[in-house]
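Quick note: the coordinates plus some simple rules give every number you see, no bench work behind them. Keep in mind that what you see is a predicted model, and the values were worked out from it rather than measured. Note that we place each Cβ from the backbone using ideal geometry, even for glycine, and neighbour counts take in every protein chain shown.
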Amino acid sequence: MMADVNTEMAIDVWQRLLIDPRKSWVLFEHGTCVVLTAPEGDLAHQATDLLREYGPVHAGSSAGDFGVIDLTDVEGWVVTGHHNDVLTYVGPDEPQDGSELAVGLLGRGKRHQDGTELRVVHVEDRRGTTDPA
């Protein structure tokens, strides 16, 4: 069983990490974020479709692969998978140890759980937002 994710904290983390004002994103219950680079229609539905395909782990395939990004602006890590726009946050207090393997396996497990349960907890709709520069 994965540790429960504090939704408000996770929203804050993703708002701090995803600063591009043109990228909408959707957060799922266990910390997986789907970045929508071409948002259209119902964002929760669009993200759910993407996570349904790219979230679940399938042993022996690229769906089991992961990478770990050690964050500098926020405590914790982002675990990547086989789709560039599906990212999972792992907080500094979640893994039993801070090794890349432990963080990656935990993040991959959270992505799998989100990819099978598909429960949206937040939608960040940035359509229509323009860069102030």
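Summary of computed values
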{"quantity": "Inter-site label distance for Asp20 and Arg52 at 7 Å from Cα along Cβ, in nm", "calculated": "2.5"}
{"quantity": "Three principal axis lengths of the chain [C-alpha, angstrom, descending]", "calculated": "41, 30, 23"}
{"quantity": "Positive-end residue, the chain charge dipole about Cα centroid, Cβ charges, pick of Gly31, Gly64, Gly98", "calculated": "Gly64"}
{"quantity": "Contact order normalised by residue count of the range 1-84, Cα under 8 Å, 6+ apart, percent", "calculated": "19"}
{"quantity": "Cα centroid separation, the range 78-133 to the range 5-27 (Å)", "calculated": "10"}
